[in-house]
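Participant: Have a look at the structure that comes next, please.
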Amino acid sequence: MNLVLEDVVLTYPDGDRTLTALDQVSMTVGPGEFTAVVGPSGSGKSSLLAVAATLIQPASGTVSVAGREVTRLRPAERTRLRRDHVGIVFQQPNLLASLTAIDQLTVMAHMAGQSTRHATARARELLAVVGLAGQLHKRPHQLSGGERQRVNIARALMNGPEVLLVDEPTSALDHHRGEQIVKLLESLTREQRLATVMVTHDLAQLTAADRVYSMIDGALEEAGRVAA
């Protein structure tokens, strides 16, 4: 399995108390599986993504990414594993205003030590996959909100991850563009055999998911299998 969380507990100090952000959370997502997590604000959804991305160490439990248990790794080892095996689609694209669409992707590859020729070819391929083959040299202000989110998704795939973590991808989009983005994520998940976890408030988009989990007060409960 590409992503496995077992009995994960995450706590934060809160004055004289301890706040439990994740309470014995378990989740397994295999290759080609599209999982959605819903829940109210403050329920622990963002904490779940942060732990799955190896950005935060849990207090207890285990996290395995691409077949490797990560909770005992040194920080530098977690950074390398995250760079090579995890793609993150942030809620806001956070594109650099001065860079073109293709440059947004190639800068990520250069940071990972890839050659310019390989990075450019990979970026062109991914932008074509997300429907932006004709927008390679446009800057963020020249792209629509949906197009900027497509660049965001392509950027997350630059290093060939096995796990894709997606934070509220439709929050800034209207229903039609949001539906297009979720369908794109579903298609990429199937075609590239990704283990995808999408956190969302948009209940209208849940039909694309294989499984839906509900999170309340740090506890995760499987709501069922949605798509065939």
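The values are calculated or read from the model by the stated rules, or taken from the named source; none is laboratory data. Just so it is clear, the structure is predicted and the values come from calculations on it, not from any experiment. Because the Cβ atoms are built from the backbone with ideal geometry, glycine has one as well, and the counts that use them run over all protein chains shown.
Participant: Name the residue that is nearest to Val4 (Cα to Cα), counting only residues in the stretch 81-115 that are surrounded by fewer than 13 Cβ atoms within 10 Å (Cβ to Cβ) and modelled with pLDDT of 90 or more.
Facilitator: Leu96
Participant: Continuing with the same structure: For the stretch 73-132, which residues satisfy the criterion of being in contact with a strand residue (DSSP E or B) (Cβ under 7 Å, 6 or more places away or on another chain) and in a loop (DSSP other than H, G, I, E, B)? Don't jump to the end; show me each part of the working.
Facilitator: Applying the first criterion (in contact with a strand residue (DSSP E or B) (Cβ under 7 Å, 6 or more places away or on another chain)) to the stretch 73-132 yields 81, 85-91.
The answer is Phe90, Gln91.
Participant: Let me ask another. Based on this model, can you work out whether Leu165 counts as part of a helix (DSSP H, G or I) and either hydrophobic (A, V, I, L, M, F, W, C) or in contact with an Asp or Glu (Cβ under 8 Å, 6 or more places away or on another chain) (or both)?
Facilitator: Working: part of a helix (DSSP H, G or I): no; either hydrophobic (A, V, I, L, M, F, W, C) or in contact with an Asp or Glu (Cβ under 8 Å, 6 or more places away or on another chain) (or both): yes.
Here the answer is no, as Leu165 does not meet what is asked.
Participant: For the stretch 38-54, which positions are within 18 Å of Pro169 (Cβ to Cβ) and either in contact with a Lys or Arg (Cβ under 8 Å, 6 or more places away or on another chain) or aliphatic (A, V, I, L, M) (or both)?
Facilitator: Within the stretch 38-54, Val38, Gly39, Leu48, Leu49, Ala50, Ala52, Ala53 qualify.
Participant: Could you look through the stretch 192-202, keep only residues that are touching a residue at least 60 places away in the same chain (Cβ under 8 Å) and either outside any strand (DSSP E or B) or in contact with a Cys (Cβ under 6 Å, 6 or more places away or on another chain) (or both), and pick out the one that is nearest to Asn2 (Cα to Cα)? If you could, list the steps in order and put the result at the bottom.
Facilitator: Kept after step one, since they are touching a residue at least 60 places away in the same chain (Cβ under 8 Å), are these residues of the stretch 192-202: 193-201.
Those left that are additionally either outside any strand (DSSP E or B) or in contact with a Cys (Cβ under 6 Å, 6 or more places away or on another chain) (or both): 193-194, 200-201.
On the way: Arg193: 9, Leu194: 8, Thr200: 21, His201: 24 Å.
Looking at residues that are touching a residue at least 60 places away in the same chain (Cβ under 8 Å) and either outside any strand (DSSP E or B) or in contact with a Cys (Cβ under 6 Å, 6 or more places away or on another chain) (or both), I get Leu194.
Participant: In the stretch 105-120, how many residues are within 23 Å of the chain's Cα centre (by Cα) and over 22 Å from Lys183 (Cβ atoms)?
Facilitator: At the first step, the residues of the stretch 105-120 found to be within 23 Å of the chain's Cα centre (by Cα) are 105-114, 119-120.
Narrowing further to those that are over 22 Å from Lys183 (Cβ atoms): 106-114, 119-120.
Within the stretch 105-120, residues that are within 23 Å of the chain's Cα centre (by Cα) and over 22 Å from Lys183 (Cβ atoms) number 11.
Participant: A follow-up question, please. Going by the structure shown, is Val151 crowded, with 22+ Cβ neighbours inside 10 Å, closer than 18 Å to Gln92 by Cβ, more than 13 Å from the chain's Cα centre (by Cα) and aliphatic (A, V, I, L, M)?
Facilitator: Working: crowded, with 22+ Cβ neighbours inside 10 Å: yes; closer than 18 Å to Gln92 by Cβ: yes; more than 13 Å from the chain's Cα centre (by Cα): yes; aliphatic (A, V, I, L, M): yes.
Here the answer is yes, as Val151 does meet what is asked.
Participant: Additional query: Which ones in the stretch 97-115 are in contact with a Lys or Arg (Cβ under 9 Å, 6 or more places away or on another chain) and either hydroxyl-bearing (Ser, Thr, Tyr) or within 21 Å of Ala172 (Cβ to Cβ) (or both)?
Facilitator: Within the stretch 97-115, Ala97, Ser98, Leu99, Thr100, Ala101, Gln104, Leu105, Thr106 meet the criteria.
Participant: Another question, then. Give me the pairs, please: first residue somewhere in the stretch 51-72 and assigned to a strand (DSSP E or B), second residue anywhere and of a type in the set (Ser, Thr, Tyr) and surrounded by 15 or more Cβ atoms within 10 Å (Cβ to Cβ), beta-carbon distance under 8 Å, and either six or more positions apart or on two chains.
Facilitator: Listed pairs, sorted by first residue: Gly61/Thr71; Thr62/Thr71; Val63/Thr54; Val63/Thr71; Val65/Thr54; Glu69/Thr62.
Participant: Which of the residues that make up the stretch 203-218 are surrounded by fewer than 19 Cβ atoms within 10 Å (Cβ to Cβ) and under 16 Å from Ser41 (Cβ atoms)?
Facilitator: Correct list: Leu203, Ser214, Ile216, Asp217.
Participant: Are any of the residues in the stretch 21-30 touching a strand residue (DSSP E or B) at 6+ places or on another chain (Cβ under 9 Å), polar (S, T, N, Q) and without any contact (Cβ under 8 Å) to a residue 40 or more places away in the chain? Lay out the reasoning, then the answer.
Facilitator: From the stretch 21-30, those touching a strand residue (DSSP E or B) at 6+ places or on another chain (Cβ under 9 Å) are 21-30; that's our starting set.
Cutting the leftovers down to polar (S, T, N, Q) gives us 24, 26, 28.
Within this subset, residues satisfying the condition of being without any contact (Cβ under 8 Å) to a residue 40 or more places away in the chain are 28.
Checked the stretch 21-30: at least one residue is touching a strand residue (DSSP E or B) at 6+ places or on another chain (Cβ under 9 Å), polar (S, T, N, Q) and without any contact (Cβ under 8 Å) to a residue 40 or more places away in the chain.
Participant: Pairs under 6 Å by beta carbon, first residue closer than 19 Å to Val199 by Cα and β-branched (Val, Ile, Thr) in the stretch 77-98, partner assigned to a helix (DSSP H, G or I) and modelled with pLDDT of 90 or more, six or more apart or different chains?
Facilitator: What qualifies is Ile88/Ala156; Val89/Asn152; Val89/Ile153; Val89/Ala156.
Participant: Does Arg139 satisfy the criteria of being closer than 26 Å to Asp103 by Cα, surrounded by fewer than 22 Cβ atoms within 10 Å (Cβ to Cβ) and at pLDDT 90 or above?
Facilitator: Details: closer than 26 Å to Asp103 by Cα: yes; surrounded by fewer than 22 Cβ atoms within 10 Å (Cβ to Cβ): yes; at pLDDT 90 or above: yes.
Yes; evaluated as a whole, the condition is true for this residue.
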